[in-house]
Structures are given as structure tokens and as C-alpha cells.
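Scroll down for the structure; my scribbles are underneath it.
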Amino acid sequence: MSDPAATPAQGIWGRLPEWARPLNEERQGLGSRRLAETTILILIGVFLAVATVNDVVLQTHVNHRLSADLLTWRTLTGHDYINLDTEQDIKTHTTRDTVCGNVSPGAPGARAQLCLAMTGPVVSGMRTVSGGYYLSPYHPDLYANRYGCFGLPAQEGLCGRTSAPSGSPLDPPLPTGRP
Amino acid sequence: MSGALATSVERREGTLATSAERRWVALAGALTVVLLAATLEIVLDAAVGHSPLIPKSPSIAKWMSGVGERLGYRVFLIALLAYTGAFAGILLLARRLSVRWAIALVAALQLIVFVGPILISTDVFSYIAYARMGVEHGVNPYLHGPIAISADPVYRYVGKDWIKVATAYGPLYTLLSYPLAPLGVAGALWGMKLEALLASAGTLALTWRCARMRGLDPKLALLVVGVNPLWVIYGLGGAHNDLIMTLLLMGAVALTLSAERGSRNEIYAGAAVLGATLVKATGIVLLPFILLSRRRIAPLIGVAVAGVAFALIAYAVFGIHGVDIVSALNRDSAFVSSDAFPTEIAHLFGKPGVFPIDHDLLEAMLLLIVLHLLWRTWRGYDWVAASGWTLLAVVVASTWLLAWYTLWALPLAAISRDRRLLYATFAVQGLFIVHQLAPLLAPVS
């Protein structure tokens, strides 16, 4: 006796070969296909879970590094500012970060900015300062706006201005290395 | 003698059953308290004002702001985890909950979020900006981004990534938002929140109805959607228009399920699918599965009639760009977000992110999955489940994933005959939540 639920639809579709006819409900006894589908779904789920956990671990490491960057900037400058800009190396994906903050109290970006390049591993919650540069107030961190390069940024020629713009503070190089 | 013994045993069993029942009720009560407390914590803290999680907004919930503290990642993620755990517990206990309890819980959660500020996303301000561009400034939102109205009071609230981006939403949604534009930013914000609340309530009612029609437990289906953390906190909390799309999709499902062969409901179902598509283009996913399952032309007639009517209206109001949904889809499919699964997979293999070739591969994989599901539907597989799988596959393969995208498949999963879809949807949502946890494990300060 045939399964009434799985009876193929009649009419024009009846001319199709049996395997291609539309059904109102799936035929019984397709356990092996269901098992194969479920196995594939579980494998995809495990794969996505591994990718997700891996990403969380990577992000955790990045956060750990950024915390060290901020602490290093605050320690070296002696300014305990909350609003600091951090920029990661998204071009070559190294662990080099740049942290920028005001040289004197004020709204974020409203004063001249001191940007420090941080490299190397996190040791005792700090990173190594390998150089830096300055930016005028309200100017984005672009080649044309940078001045007073010292350390690694000076060697790499990252400053587009040869001197401080009028009204901007002097550009004393800070000590590089670990604070 | 034996009769007395039997009575004694029955009494003892009755007492044990009552005692066990009380324990279940107490546990359900505790889980309900966790759900309400976690939601209140998020809403009250959010009411304090702008934070990394709460966008700048007109102060529409200032009366709530005296209790909490500014919402940070730590508190939010702990509340979200507690909520998610309690949600899982409530689903396990669903059979023991009364219908009244379930409805009261869902209503309370929705109302708490409704009266609070906008959570997590700036999207609602883009919706208002597009509406004000068209109504107040005579600027076509399909041609220009909100930057074209930079003097408008809503402009300062629009997310900075979107100020130059023209709307990607369908013309039906844009037209729905137009009446709210003259209400001012705060008035329009309440209007958007009300639209989202009504869309959520409508989707829940239709989910209930569809579950009953399919012989499934409607209470469980209601809880799956109405208590879902991403539905409540992200979807409703951000007043996202995805809820309007799910309302129209579930309308199409309910009409199809209730349609006798040859009845007008089949035509209306087609029109509802088109309506969903004209809110968000992904709504079109339902149509081929309805057509293959019904094997009738009526839904297509509904799509055609409604399509012509909407195309004329959209053309009259927005010009040719209001009708060109395909180019908006092409533009958005190129976006990349850090939460997307393809980005995570790229990181797993040491790549910095997704490349154009990856987009092509993902589209090819998605096409294979859809073809497989279409064939399965032709051969009798549950078309509701097939539609849900397709929406879920779109979400997993998309390089631009946001929390509220995981809601597209949820109501379909709740009424699907294939329970694997529900588990898979939960798994995707669970992984999304796990991916948010880095600031809890390593806060940046």
C-alpha cells in the first residue's frame, strides 16, 4: 500500500518521470539522506564555532595590546586622559599601533596631538615606544598634517611638514623605549 | 486493605507530583525574574545616555535616567548572557508554563524595551533622515545620503558610516516612514518605535496562528520569537525595520497555510511577499518556495498585481531609483563587517579579511544550497522550513552580518516541521553572541 501523503501530484506533472514529479509531502524512509544532511549541518556548525572562538581569542589579544598601548601613552606623557585615539596597522597587519592624544587638557582633538608608535610584545602591561609625531588641533592623522617626527616614524619619513604650524606647540622628541 | 494501600500510594504520588510541579513553577518564576531584571538593567542604564553601546539620541527616556549608570560593555554583556541563559531555561520549561504566563512575559519584555531609549544601533536615525529628506527637504533618499540635509536636526544622530549612503530599503518602507517625518526627530523616533512594536506584536500573533495551523505548540513558538534576546534587545531595542519585513513574511505564510486551492488568499499571499520585499529585498526568498509548494499561478498573480501598483507609486514618488532594488542589493553585498562568518573564517586561515574572490565563492555556495532546497521542496519537503534555511544561509554567507539579520529566519524556524532549522537558527544566534564577548574577556581602558 502506498503512502497517501507522498502521492505524486497528478495533472500535467504526471507526465514527468517518477523521480522528477512533484510531491505533496516527502516520501517516508529517507533516513539516510536526513542523516547525511544532519552530519553536514553539524560539521558546518563545528567549523563556524571554531572560527568564532578563534576570532574571540584574536580580538582578546588585540584588546590586551590596546590596553597596554593606552597605559604606555599615559605613563610616558603623564596625562591620564580617557579619550585617546588608537589606530592599528590595517595595511600590513603587524602589531604596530599608533596612539594619539592631546598634549594639554581639552576636548578630544581640540589641542595639538601627540601620536606615539607602539611596537613589540606586552611586558608588565606596557609596550615599547618606537617613535612618534605631532598633529595640529582638529587635523586628522594624515601625512600632510604630521610634524616633529622622531624615532621610527622619522626614519620612515611619515611627516609631511618640516616644522610646526604657526600656533602649534613646539615638538620636543620624547624618549623612545619602554617607559 | 489493598484499596486503602492504593489510595495511600495515589495520595503520596499526588503529593510528590504537586511538590515537583511547585519546584518547576518556582524555577520558571526565577527565570522570568532574570529575564525581566536583565532587560530592565540594560534599558535603565541605556536611559542614562550616550555610551559605546548607546547611540546619541534625543532624550526620549529621560524620566528613566536617574536609576542606572551609563551602559558599558561589561554590564551589557553580563546582562545579555544572563538573559540568554534564562531564555534557554524558559524554552525547556515551556510546556509547564501557562499560556497567560507566556503572553504576560512576552508583553512585559516588549513594553520595557519600547518605553526605553534606542539600543545598540543608529539605523533608526537613518530611517528618520531618509524620511525627512523626502518630506521636509524634497531630496530623493534613493539618490543622496543624509549628508544632503546636514543642517537638519536628525543629521547629528546618523551613524558616521552612513551619512553619504543613499537608502537601501524598499520603497514601501520609505513610504511608510514618510508620515513620521513632520513629527520632528523625537516624534518620529516614537513613531518608529511604535511601528517596530506593532510589527513585533503582529509577527508574534501570526507565529502563534501558524503554529496552531500546523499542529505545533503555539506557546513554544511564541516564546521562541517573543523572548528571544536578539529579537527583544537588538531588533525591538533598535526599532529595526526587519520586524516589518518579518510581519509581512509571516502574513504571507499564514495566508498560504490557510488558503484553499483557488482562494483569494493565495493571491494575497503573493502580494504580502512582495510587500516584504519592498521593505527589505531579502523578503523575496519566500516566493519560489510558495510557488513550488502550491504549484499554482495565484501567488504569482498577487506579486504581479501588487508589483505593478507599487512600481507605479514608487516611480511617481522616487523616480527610477526607487524601483531599482537590485543595484541597492549589489552595493550592500560588497559591505564587510567584523561579525560576519566569512570574515571569521578568513581570520581562521590567517587572512586579514574577505576578498572579492571570496564573495564569488560564497555566492556560488549559496546558489547550490538554494537549488538543493528548491528541489527538496518540489519533492515534498516543508516549504516553510526551506524558506527559513535559505534566509539562514543568506545570513551565514553574508559578509555584512548584523544581529537583526539573524531574526529573518526565526519566526519561520519556530513554525517549521523540521526542528533542525530551529536548532541551527539558535546556533547562529548563539555564535553571534559569543563573538561579542571579547570586551568582557579583555576590556580596553
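The numbers here are math on the coordinates, done by the rules we state, and not lab data. Fair warning: this is a prediction, and the values are worked out from it, not measured in the lab. Here the Cβ is made from the backbone with ideal geometry for all residues, glycine too, and neighbour counts use every protein chain on show.
Go ahead and estimate [θ] at 222 nm for the protein assembly as shown from helices alone: -39,500 (n - 2.57) per DSSP H run with n ≥ 4, summed, over the residue count, rounded to 500.
Theoretical 222 nm ellipticity from helices: -18000 deg cm²/dmol.
Considering only B:Val154, B:Val232, B:Leu437, and ranking their Cα positions along the charge dipole of chain B that arises from unit charges at the beta-carbon of Lys, Arg, Asp and Glu, the one farthest toward the positive end is B:Val232. Placing +1 on the Cβ of every Lys and Arg and -1 on the Cβ of every Asp and Glu, with nothing else charged, gives region B:20-441 a dipole about its Cα centre of roughly 1140 debye.
Measuring nothing but how far apart in sequence close Cα pairs (under 8 Å, 6+ apart) lie, relative to its length, chain A scores a relative contact order of 13 percent. A Gaussian network model of chain A, with springs between Cα atoms under 10 Å, assigns the largest mean-square fluctuation among A:Ala49, A:Ala144, A:Ala164 to A:Ala49. Structure shown: which of B:Lys62/B:Lys164; B:Lys56/B:Lys164; B:Lys164/B:Lys280; B:Lys193/B:Lys280; B:Lys62/B:Lys193; B:Lys62/B:Lys280 lie over 25 Å apart, alpha-carbon to alpha-carbon? B:Lys62/B:Lys164; B:Lys62/B:Lys280, as the Cα separations exceed 25 Å there.
Under a point-charge model restricted to the Cβ atoms of Lys and Arg (+1) and Asp and Glu (-1), what is the dipole moment magnitude of the protein assembly as shown relative to its Cα centre, in debye to the nearest 20?
Working: 47 positive and 39 negative charges, 263 e Å.
Magnitude of the dipole: close to 1260 debye.
For the pair B:Glu363 and A:Arg96, label points projected 7 Å from Cα toward Cβ lie 3.6 nm apart.
Treating r as the C-beta distance of A:Gln28 and B:Arg95 and R0 as 25 Å, the FRET efficiency rounds to 0.35. With R₀ set to 30 Å, the beta-carbon distance separating A:Asn54 from A:Ser124 gives a calculated FRET efficiency near 0.65.
Looking at the P(r) of region B:212-334, how many percent of alpha-carbon pairs lie beyond 26 Å? Intermediate values should be presented prior to the final figure.
Details: 2256 of 7503 pairs.
Everything past 26 Å amounts to 30 percent.
Percent of C-alpha pairs per 10 Å bin in region A:28-174, short distances first: 11, 33, 24, 11, 8, 7, 5, 2, 0.
Nothing charged except the Cβ atoms of Lys and Arg (+1) and of Asp and Glu (-1): what's the magnitude of the dipole of region B:293-445 about its Cα centre? Round to the nearest 20 debye. The partial results should precede the final answer.
Values: 10 positive and 9 negative charges, 146 e Å.
That gives region B:293-445 a dipole magnitude of about 700 debye.
Summing charges over all other residues whose Cβ lies under 12 Å from the Cβ of B:Val165, with Lys and Arg as +1 and Asp and Glu as -1, gives 0.
May I ask you to work out the translational diffusion coefficient for region B:20-441 at 4 °C, viscosity 1.567 mPa s, via Stokes-Einstein with Rh from the Kirkwood sum over Cα pairs, reported in whole µm²/s? Show your work: numbers first, answer last.
Working: Rh = 22.1 Å.
Stokes-Einstein gives a translational diffusion coefficient of 59 µm²/s.
Under the 0.36 nm per residue contour assumption, what length would be gained going from the current alpha-carbon distance of B:Ser59 and B:Trp400 to full extension?
Gain on extension, B:Ser59 to B:Trp400, equals 119.8 nm.
Taking 20 °C and 1.002 mPa s as the conditions, I'd like the Stokes-Einstein D for region B:318-426 in µm²/s, using the Kirkwood hydrodynamic radius from alpha carbon pairs. Could the numbers behind the result be given before it?
On the way: Rh = 15.2 Å.
Value of D from the Cα-based Kirkwood radius: 141 µm²/s.
How many angstrom lie between the Cα centre of region B:246-299 and the Cα centre of region A:28-48? Centre-to-centre distance over Cα atoms comes out at 29 Å. The distance between label points at B:Glu136 and A:Tyr138 comes to 2.5 nm (points 7 Å beyond Cα on the Cα→Cβ vector).
Full extension of the chain segment joining B:Arg70 with B:Ala104 gains 9.4 nm, where the gain is 0.36 nm per residue of separation less the Cα-Cα distance. Using all pairs of distinct alpha-carbon atoms, the Kirkwood hydrodynamic radius of the protein assembly as shown works out to 27.4 angstrom. As a calculated quantity, the FRET efficiency between B:Leu143 and A:His61 at R0 = 41 Å, using C-beta atoms, amounts to about 0.40.
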